[in-house]
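Novice: To start, I am sharing the structure in question, which I have written as structure tokens.
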């Protein structure tokens with residue numbers, strides 16, 4: 001009785017499926033498994049995509065199209081195809097063909113890649129109610145070529161033989177983010193000495209440049225508080241999306257130093273493209289220090305020599321974040337030892353060595369001083385030569401170069417979670 005009940009329920013459910021598919025234009029007529037049908041050699045099967053040469057760029061849509069002609073003398077019922085592949089971009093895509101009469105053809109299509117609702121974003125952004133379902137190869141997909149099989153199933157006769165096609169993805173050129181920043185006390189409660197004390201309001205001026213070969217997409221600059229309640233983060237996230245190669249964006253993070261128990265502030269800076277998975281990040285520690293007395297000064301000076309370096313504070317290890325071209329006029333605000341505090345405009349200041357300036361009585365410095373940003377933080381440039389995407393042997397040769405502005409320590413290569421290459425650069429003649 002259990003078998004009879006299961007068979008009855010199965011037939012009822014199949015009837016519902018047939019009704020639903022009919023509304024979509026498919027003939028999913030039910031037949032007895034013993035009904036005569038074509039043999040596996042009595043078909044003409046054509047597999048193609050909507051991309052020339054079955055090549056698609058990452059981020060674009062790709063559609064699979066399968067056409068089956070019944071060259072036999074009997075109809076085939078409930079014919080469907082199912083893809084199998086190592087890549088989830090192509091695996092388990094279903095193609096509904098249904099009933100095909102002798103001499104007739106049916107075509108089925110299926111989107112490849114991953115599908116999502118248009119406009120949906122990770123986080124709290126609400127997805128539009130009328131959002132369309134869109135399918136595409138992910139933007140971060142690497143260059144690769146995959147064998148994809150299409151296996152067929154039917155309710156009677158023999159389904160067609162399994163067929164195969166090989167789509168190829170061309171990866172997008174990656175962006176790469178270099179950045180420079182300046183941290184100063186120039187907000188509410190601050191004394192503007194370039195060092196941080198408790199109770200001061202702080203600005204972090206960040207400039208990001210895309211030094212990569214490709215544009216960025218959904219890109220954010222974020223600041224994360226790692227100091228707990230002792231730091232009140234105010235403006236900590238900015239959208240810097242759609243940066244073309246060579247583009248620069250500037251933002252200002254703000255926070256307040258409160259009743260911090262520790263002697264230093266810890267924050268984490270990150271700049272990343274969420275679509276392409278390209279990120280740079282840095283954990284930054286900033287000391288909480290005693291006040292540095294500044295001697296008030298005023299007047300205009302001229303940059304001597306080719307340039308004057310800009311640093312953010314009077315600390316010996318102060319960060320260099322830019323330079324002023326020679327010949328420019330600057331407005332002095334104060335002095336301490338061999339350093340001069342100058343006005344950059346919009347309540348921003350910096351320090352330059354006194355020996356890089358000369359007095360310019362009667363000169364008129366600009367309200368906003370332009371300067372050249374020095375990008376002291378940039379990831380290594382990795383260039384790999386094109387490798388064979390399909391090989392018959394057990395190995396493939398990969399060659400490339402890694403270049404950094406300062407020095408390289410180690411190089412790694414992974415396939416999935418497996419490390420397949422490691423080389424140290426410690427003690428090398430070329431750092």
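The values are calculated or read from the model by the stated rules, or taken from the named source; none is laboratory data. Remember, it's a predicted structure, so these values are computed and weren't measured experimentally. Cβ: placed from backbone, ideal geometry, glycine included. Neighbour counts: every protein chain shown.
Novice: Of the residues in region 324-337, how many are modelled with pLDDT of 95 or more, surrounded by fewer than 16 Cβ atoms within 10 Å (Cβ to Cβ) and not in a strand (DSSP E or B)?
Specialist: So the count comes out to 2.
Novice: Looking only at region 104-133, filter to residues that are part of a loop (DSSP other than H, G, I, E, B) and modelled with pLDDT of 95 or more; which one of those is surrounded by the fewest Cβ atoms within 10 Å (Cβ to Cβ)?
Specialist: Across region 104-133, the extreme among qualifying residues is 104.
Novice: Checking residue 367 against (1) modelled with pLDDT of 95 or more; (2) within 30 Å of residue 176 (Cβ to Cβ); (3) assigned to a loop (DSSP other than H, G, I, E, B), which single condition isn't satisfied?
Specialist: In the conditions (1) modelled with pLDDT of 95 or more; (2) within 30 Å of residue 176 (Cβ to Cβ); (3) assigned to a loop (DSSP other than H, G, I, E, B), residue 367 misses (2) alone.
Novice: Is region 135-148 home to any residue that is within 27 Å of residue 24 (Cα to Cα), loosely packed, with under 15 Cβ neighbours inside 10 Å and touching a residue at least 12 places away in the same chain (Cβ under 8 Å)?
Specialist: No, every residue in region 135-148 fails to be within 27 Å of residue 24 (Cα to Cα), loosely packed, with under 15 Cβ neighbours inside 10 Å and touching a residue at least 12 places away in the same chain (Cβ under 8 Å).
Condition check ((1) part of a strand (DSSP E or B); (2) at pLDDT 95 or above; (3) more than 17 Å from residue 179 (Cβ to Cβ)) across all residues:
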| residue | (1), (2), (3) |
| --- | --- |
| 290 | no, no, yes |
| 293 | no, no, yes |
| 302 | yes, yes, yes |
| 305 | no, no, yes |
| 310 | yes, yes, no |
| 313 | no, no, yes |
| 316 | no, no, yes |
| 322 | yes, yes, no |
